[in-house]
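**Q** Structure incoming, see below.
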C-alpha cells in the first residue's frame with residue numbers, strides 16, 4: 001500500500017480527530033485533502049456534523065480501492081507481457097506454491113476489511129443515537145409529499161425548518177407506501193415505513209437550504225417527491241416556531257430583505273412576490289406547476305378565472321373563494337382528473353399568505369387577450385423551471401441557461417426565492433389546461 | 001494432451017464429420033423434443049440471448065429517456081414500467097439461467113465424462129417451463145406491466161393498479177425451471193462422474209455449477225413463497241405485508257432478499273467458473289491454488305445465505321442486525337478476493353496467448369474487482385446510508401452483474417463456440433467487439449458512481465439538472481455496448497456458416513471437454529473416458545517441459 005501512504009496517513013488522522021480542535025499542523029492539510037477528495041468524488045457539501053466523518057472513511061476506502069485495482073492491473077499487465085506465448089505449442093510452467101504464501105495475504109486483506117467495518121459501524125451507531133437534547137420533528141410521508149410536525153408550534157409541508165447547531169431527531173412514518181427520507185448534504189437516509197416509526201438524527205452546521213429526495217420507489221410521482229431542509233439561525237428558528245412566518249435563509253433574504261412580513265397592505269406587485277415565496281415555502285409548487293407542465297394538481301398557469309369541471313360534473317369558475325376553499329378543505333370539490341391527495345392548510349397558513357398566493361395565481365393568469373405563444377426553455381439548458389417539480393423558478397426571459405448561480409450542489413427543488421421575479425409568461429390559448 | 005481421456009483422438013484425422021450432435025438428426029422435432037443436454041443447452045442459449053436483446057432494448061430506451069432532466073418521450077408510469085421489466089427480464093430470464101442452463105447444460109456432462117445429465121427428460125421440461133414462465137411475464141407486460149421495480153416491495157406492490165400478479169407468477173414459474181436445472185446438476189455431479197473423476201479432479205466450472213445448484217435448490221422456494229404471498233396480497237387482500245391489516249412490509253424485504261441476495265451468487269458463481277476455465281486454458285498451466293478456489297466457491301455459496309440484510313441498512317432494521325450483516329458481508333468479500341488473487345497468480349509462469357476470451361477475462365478482472373471493492377465499502381454500513389438506493393448502487397451491481405456475469409458470458413461464448421459448433425469466428429471482429437463492449441461498459445457505468453455520490457436516487461424519471469452531463473455520458477456508453485453486442489451477433493452467425501473448421505481442440509487446452517471432437521458426438525465420448533489427472537494438468541508425468549518464460 002505504499003501508493004496510499006500519505007493520503008491514508010492523513011485520513012487516519014482525520015478519522016481520529018475532532019474537527020473543532022485547536023489548530024494543529026495537520027489541520028490545513030486535512031482540510032485541503034478533504035476539499036480535494038470531495039470535489040473529485042462529486043460529493044455534495046458537508047452540511048451536517050456527521051458528513052465530514054463519513055466522507056473521510058469514504059476517501060480512505062476509495063484510495064485503498066484505487067491502489068488495489070491499480071496493483072491488479074499492473075501485475076496482470078506485467079504477467080501477460082512477461083509470460084506471453086512465444087511458440088504455438090509452448091505450455092506454461094507448473095507452479096506449485098505452498099498455501100502458507102496465501103494465508104498472510106488473505107489475513108491481511110480480511111483485517112483491512114474488518115477495519116473498514118469497525119470504523120463504519122461506529123459511525124453507523126452514532127447516526128442511530130441522537131444526543132439527549134435533540135429537537136424532535138415528526139415526519140410523515142405520503143404520495144408524494146413530505147409533512148413535518150413539531151411537538152409545539154406550526155407544521156409545514158415540503159419544507160423542514162430546523163435550527164443550525166442543534167441536533168434534530170426525525171421520527172418518520174408513512175401513510176401509504178414506503179418512502180425514504182434522503183438529504184445528500186447531510187449524508188443521512190432513512191425509510192419512512194407505514195405502520196412503524198423509524199428515526200434518524202442530524203445536526204446542521206450552518207444556515208442554508210438543502211434538497212430532500214425520496215429514495216424509495218413510491219409510485220409515479222417518486223422522482224418528483226422532493227422537499228427541502230431550510231436551516232435557520234437559532235433566533236430565526238424560534239421566531240418561526242412562535243408563529244411568525246420564517247425569514248428565508250440568509251442568501252435568499254438578501255434578495256427580499258423583509259419577506260414574510262405579509263401585512264396585506266403591500267402594493268400588489270409586492271404581494272405577488274410574497275405569494276410566490278409563500279407558495280414555495282408551503283410546498284404548493286411541488287404539485288402545482290406554474291408553467292403549464294402537468295403535476296399532481298392543476299397547473300397554476302392561467303388557472304385563475306378559468307372554467308374547471310369538477311369530479312361531480314359541476315363546472316365552476318376558479319375564483320378567490322374556490323381557491324381559499326381548496327386550501328382549507330381540499331377534498332370538498334376536486335377538479336376532474338386529479339387524485340384527492342392535497343393536504344389541508346387550515347391553521348398552517350396565515351390569511352395574509354392566502355391572499356398573497358391568490359395574487360400570485362392572478363399574476364400567472366393574465367387576461368386572455370394578453371396571452372401569447374408559450375415560451376420554451378432551451379432543451380437541457382434551463383430545466384429548473386421546465387417542470388412541476390422544479391416549477392418554482394420559471395426560466396428568466398432571455399433564456400439564461402443554468403439555474404441560480406452558485407446554487408447548492410443539488411438544485412433546490414421548490415421555491416428558491418433567489419431567482420428573478422416570475423416572468424408572466426402568457427401561454428397560447430391552446431395550451432390552456434382544461435383538465 | 002494424450003491422456004486416457006482422449007480416447008477418440010488417436011483416430012484424430014477424422015475431420016469432425018462423424019455424427020456430431022448437430023448432424024445426427026436435423027428435423028425441427030428433433031430439436032424441440034430433444035433430451036440431448038447439448039441441444040438443450042443451445043435452446044437455452046438462444047432463449048437467453050433473446051431475453052438479453054429484449055432486456056437490453058429496454059435499457060437503451062431508459063438511457064435515452066434519461067438524456068434530459070425532464071421527460072423526453074415517455075411519462076412517469078411508462079418509465080417505471082420500463083426499469084421494472086428491464087430488471088425482471090435481466091435477472092430472471094437472462095442472468096440466472098444464462099450460464100448454468102446454456103453452458104452448464106452443454107458442458108457439465110462433457111466435463112465429468114458422462115453421456116448426459118441424470119434426468120434428461122426433466123432437463124427438457126425445464127426448457128418449456130422456462131418458456132411458459134417467460135410467456136406469463138411477457139403476458140403481464142402486454143396486459144399493463146408492473147411498475148414496482150424488480151424488488152416488488154410492498155405495500156406499493158400490493159396496491160399498485162398495474163399487472164403485478166402475472167409478472168409475479170411468471171417469475172415463480174421461472175423459479176421452478178431453475179430448480180429443475182439445479183436438481184439435475186447436483187444429481188449428475190454426484191452420480192455420473194466417470195472413472196477416475198474424483199472430487200479433487202472436478203473442473204472448477206463444475207464446482208461452481210454445483211455450488212450454484214445448491215443455492216438454487218435451497219433459496220428458490222423462499223422466493224416462491226414471498227412472490228405468492230405478494231400476489232395473494234394484491235389479488236385477495238390477504239394483508240400479509242400490509243400494515244393497515246396488521247401485516248409487516250419489512251418482513252417481505254427479509255424473505256425477498258433471503259432469496260435475492262443468494263441469487264447474486266447464482267449469477268456470479270458460474271461466471272467465476274468460466275473465468276477459471278479461460279485463465280488456465282490461455283495460460284496453459286495449472287491453477288494457482290485449486291484447493292483455495294474450491295473452498296472459496298463453497299464459502300461463497302454458504303456465506304451468501306447470511307448476508308441478505310445488507311440490502312436493508314436504512315430500512316428500519318435493528319442496529320445489531322446492521323452490524324451482523326455488515327460483518328458477514330465482509331466474509332463474502334474475502335472469498336471473492338481469494339478468487340481474484342488466484343486468477344492473477346495463475347498467469348504467473350504461464351504461456352499466455354491473448355485471445356478474445358482472455359480479453360473478456362481482463363474486463364472481468366478489472367470490473368469485478370471495482371464492483372467487489374465498492375461492495376466492501378457499502379458493507380462498512382455508514383457509507384451505505386448515503387449510497388443506498390442511489391446510482392452508486394446501480395453502478396455497483398452493474399459492475400458485478402454486467403462487468404462480471406456479462407463479461408464471463410461473452411468469454412464463455414467465445415471460448416466454447418468452437419466446441420459447440422466446430423467453427424472459428426473472426427478474431428479481428430471479435431477483438432473490435434470486445435473493445436466496444438468493455439469500453440462502452442466503463443463509459444456507461446462509471447459516471448453512475450459519481451451520480452450516486454452526488455445524491456442522485458435510482459428509479460428517478462426526472463432529476464435535478466446538474467446531473468445531466470453524467471447521464472449523457474452514460475447514455476452514450478450504452479450505445480457503444482449495443483454496437484459491440486450487435487457486432488458479436490453478426491460475426492458469430494457468419495462464423496456458423498462460413499467459419500474455419502476449428503478442429504477438436506483449437507486452444508490446445510488440457511481441460512476434459514476438449515478431449516472429444518468439436519462438435520462432440522451425440523454420446524459425447526465414443527468410449528467412456530478414464531481420468532488420471534487434474535483438469536488443468538499440462539504436465540503429465542511422461543512429458544516434462546522446461547519452461548522458458
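The values are calculated or read from the model by the stated rules, or taken from the named source; none is laboratory data. Because the structure is a prediction, the values reported are computed rather than measured. Neighbour counts are summed over all protein chains in view; Cβ atoms, including those assigned to glycine, are modelled from backbone coordinates with ideal geometry.
**Q** Sort out which residues of the stretch B:343-361 are assigned to a helix (DSSP H, G or I) and in contact (Cβ under 8 Å) with a residue 60 or more places away in the chain, and write them in order of number. Don't jump to the end; show me each part of the working.
**A** Applying the first criterion (assigned to a helix (DSSP H, G or I)) to the stretch B:343-361 yields B:343-346, B:356-361.
Correct list: B:343, B:346, B:356, B:357, B:358, B:359, B:360, B:361.
**Q** Turning to a different aspect of this structure: For the stretch A:181-198, enumerate the residues that are surrounded by fewer than 24 Cβ atoms within 10 Å (Cβ to Cβ) and either more than 9 Å from chain B (Cβ to nearest Cβ) or under 19 Å from residue A:231 (Cα atoms) (or both).
**A** Going residue by residue through the stretch A:181-198, those that are surrounded by fewer than 24 Cβ atoms within 10 Å (Cβ to Cβ) are A:188, A:194-198.
Result: A:188, single match.
**Q** For the condition under 30 Å from residue A:201 (Cα atoms) and part of a helix (DSSP H, G or I), what is the one hit in B:395, B:412?
**A** Details: B:412 fails: under 30 Å from residue A:201 (Cα atoms).
From the options B:395, B:412, the qualifying one is B:395.
**Q** With the requirement that a residue be away from chain A (no Cβ under 11 Å) and out of contact with any helix residue (DSSP H, G or I) (no Cβ under 7 Å at 6 or more places or on another chain), what does the stretch B:286-338 give you?
**A** The one that is away from chain A (no Cβ under 11 Å) and out of contact with any helix residue (DSSP H, G or I) (no Cβ under 7 Å at 6 or more places or on another chain): B:302.
**Q** Going by what's in this entry, would residue A:63 be described as under 37 Å from the mean Cα position of the chain (by Cα), in contact (Cβ under 8 Å) with a residue 40 or more places away in the chain and either under 27 Å from residue A:191 (Cα atoms) or in a helix (DSSP H, G or I) (or both)? Reasoning before the result, please.
**A** On the way: under 37 Å from the mean Cα position of the chain (by Cα): yes; in contact (Cβ under 8 Å) with a residue 40 or more places away in the chain: yes; either under 27 Å from residue A:191 (Cα atoms) or in a helix (DSSP H, G or I) (or both): yes.
In short, yes.
**Q** Here's a follow-up. Can you tell me how many residues in the stretch A:323-351 are without any contact (Cβ under 8 Å) to a residue 24 or more places away in the chain, in a helix (DSSP H, G or I) and crowded, with 17+ Cβ neighbours inside 10 Å?
**A** Total satisfying the criteria: 1.
**Q** Taking the condition buried (at least 17 other Cβ atoms within 10 Å of the Cβ) and either at pLDDT 85 or above or closer than 30 Å to residue A:219 by Cα (or both), does residue A:310 pass?
**A** Working: buried (at least 17 other Cβ atoms within 10 Å of the Cβ): no; either at pLDDT 85 or above or closer than 30 Å to residue A:219 by Cα (or both): yes.
Taking the combined requirement at face value, the residue does not satisfy it.
**Q** Right, next: Out of the stretch B:452-472, which residues are more than 7 Å from chain A (Cβ to nearest Cβ) and over 26 Å from the mean Cα position of the chain (by Cα)? Give the derivation first.
**A** Filtering the stretch B:452-472 for residues more than 7 Å from chain A (Cβ to nearest Cβ) gives B:452, B:456, B:458, B:467, B:469-472.
Passing the criteria: B:456, B:467, B:469, B:470, B:471, B:472.
**Q** Looking at the stretch B:449-471, which of its residues are in contact (Cβ under 8 Å) with a residue 40 or more places away in the chain and either over 20 Å from residue A:39 (Cα atoms) or not in a helix (DSSP H, G or I) (or both)?
**A** B:455, B:456, B:457, B:458, B:459, B:461, B:462, B:463, B:464
**Q** Is it fair to say residue B:248 is within 14 Å of another protein chain (Cβ to nearest Cβ) and touching a residue at least 24 places away in the same chain (Cβ under 8 Å)? So that I can check it myself, show each step before the final result.
**A** Values: within 14 Å of another protein chain (Cβ to nearest Cβ): yes; touching a residue at least 24 places away in the same chain (Cβ under 8 Å): no.
Here the answer is no, as residue B:248 does not meet what is asked.
**Q** Checking the condition under 17 Å from the mean Cα position of the chain (by Cα) and either modelled with pLDDT of 95 or more or buried (at least 24 other Cβ atoms within 10 Å of the Cβ) (or both), which residue from B:124, B:131, B:93 passes?
**A** Values: B:124 fails: under 17 Å from the mean Cα position of the chain (by Cα); B:131 fails: under 17 Å from the mean Cα position of the chain (by Cα).
Criteria check complete, one pass: B:93.
**Q** What are the residues in the stretch A:298-322 that are out of contact with any strand residue (DSSP E or B) (no Cβ under 8 Å at 6 or more places or on another chain) and in a loop (DSSP other than H, G, I, E, B), if any? Full working, then the answer.
**A** The initial filter retains those residues of the stretch A:298-322 that are out of contact with any strand residue (DSSP E or B) (no Cβ under 8 Å at 6 or more places or on another chain), namely A:299-304, A:312-314, A:319-321.
Those that are out of contact with any strand residue (DSSP E or B) (no Cβ under 8 Å at 6 or more places or on another chain) and in a loop (DSSP other than H, G, I, E, B): A:299, A:300, A:301, A:302, A:303, A:304, A:312, A:313, A:314, A:319.
**Q** Next question. Looking at the stretch A:113-147, which of the residues that are over 29 Å from residue A:282 (Cα atoms) and part of a loop (DSSP other than H, G, I, E, B) is nearest to the other protein chains (Cβ to nearest Cβ)?
**A** Ranking the candidates gives A:129 first.
**Q** List the number of the failed condition for residue B:527; all other conditions in (1) surrounded by fewer than 19 Cβ atoms within 10 Å (Cβ to Cβ); (2) touching a helix residue (DSSP H, G or I) at 6+ places or on another chain (Cβ under 6 Å); (3) not in a helix (DSSP H, G or I) hold.
**A** Only one criterion is unmet by residue B:527, namely (2).
**Q** Check B:140, B:104 and return the single one that is in contact with a helix residue (DSSP H, G or I) (Cβ under 8 Å, 6 or more places away or on another chain), closer than 30 Å to residue B:315 by Cα and touching a residue at least 24 places away in the same chain (Cβ under 8 Å). Before you say what the answer is, go through the steps one by one.
**A** On the way: B:104 fails: closer than 30 Å to residue B:315 by Cα.
One residue alone meets the criteria, B:140.
**Q** If only one of B:60, B:52, B:64, B:72 is surrounded by fewer than 24 Cβ atoms within 10 Å (Cβ to Cβ) and either at pLDDT below 95 or not in a helix (DSSP H, G or I) (or both), which one is it?
**A** Every option except B:72 fails the conditions.
**Q** Does residue A:86 count as at pLDDT 90 or above and either more than 9 Å from chain B (Cβ to nearest Cβ) or out of contact with any helix residue (DSSP H, G or I) (no Cβ under 8 Å at 6 or more places or on another chain) (or both)? Spell out the reasoning first.
**A** Details: at pLDDT 90 or above: yes; either more than 9 Å from chain B (Cβ to nearest Cβ) or out of contact with any helix residue (DSSP H, G or I) (no Cβ under 8 Å at 6 or more places or on another chain) (or both): yes.
Considered against the rule, which asks whether it is at pLDDT 90 or above and either more than 9 Å from chain B (Cβ to nearest Cβ) or out of contact with any helix residue (DSSP H, G or I) (no Cβ under 8 Å at 6 or more places or on another chain) (or both), residue A:86 comes out as yes.
**Q** Another question, if that's okay. Among the residues of the stretch A:158-189, write down those that are in a strand (DSSP E or B), touching a helix residue (DSSP H, G or I) at 6+ places or on another chain (Cβ under 8 Å) and under 22 Å from residue A:220 (Cα atoms). Walk me through how you get there before you give the answer.
**A** So the first thing to find is which residues in the stretch A:158-189 are in a strand (DSSP E or B), and the list is A:159-163, A:167-174, A:179-183, A:188-189.
Subsequent filtering for residues that are touching a helix residue (DSSP H, G or I) at 6+ places or on another chain (Cβ under 8 Å) retains A:159, A:161-163, A:188-189.
A:159, A:189, listed by residue number.
**Q** For the stretch A:222-237, name all the residues that are in contact (Cβ under 8 Å) with a residue 12 or more places away in the chain and more than 7 Å from every other protein chain (Cβ to nearest Cβ).
**A** Within the stretch A:222-237, the first condition is being in contact (Cβ under 8 Å) with a residue 12 or more places away in the chain, and the residues that meet it are A:222-234, A:236-237.
A:225, A:226, A:227, A:228, A:229, A:230, A:231, A:232, A:233, A:234, A:236, A:237 - these are the residues of the stretch A:222-237 that are in contact (Cβ under 8 Å) with a residue 12 or more places away in the chain and more than 7 Å from every other protein chain (Cβ to nearest Cβ).
**Q** Identify the single condition in (1) in a helix (DSSP H, G or I); (2) facing chain B (nearest Cβ under 8 Å); (3) within 18 Å of residue B:343 (Cβ to Cβ) that residue A:110 does not satisfy, given that it satisfies every other one.
**A** (3)
**Q** Any residue at all in the stretch A:124-137 that is touching a strand residue (DSSP E or B) at 6+ places or on another chain (Cβ under 6 Å) and crowded, with 19+ Cβ neighbours inside 10 Å? Talk me through it step by step, then tell me what you get.
**A** Step one: of the stretch A:124-137, the residues touching a strand residue (DSSP E or B) at 6+ places or on another chain (Cβ under 6 Å) are A:130-131, A:134-137.
Then keep just the ones that are crowded, with 19+ Cβ neighbours inside 10 Å; that gives A:130, A:137.
Scanning the stretch A:124-137, I find at least one residue that is touching a strand residue (DSSP E or B) at 6+ places or on another chain (Cβ under 6 Å) and crowded, with 19+ Cβ neighbours inside 10 Å, so the answer is yes.
**Q** On to the next question. Within the stretch B:218-249, restricting attention to residues that are touching a strand residue (DSSP E or B) at 6+ places or on another chain (Cβ under 9 Å) and part of a helix (DSSP H, G or I), which residue is farthest from residue B:91 (Cα to Cα)? Steps first, answer last, please.
**A** First, pick out the residues of the stretch B:218-249 that are touching a strand residue (DSSP E or B) at 6+ places or on another chain (Cβ under 9 Å): B:242-244, B:249.
Checking the rest, the ones that are also part of a helix (DSSP H, G or I) come to B:243-244, B:249.
Numbers: B:243: 29, B:244: 31, B:249: 23 Å.
Only one residue tops the list, namely B:244.
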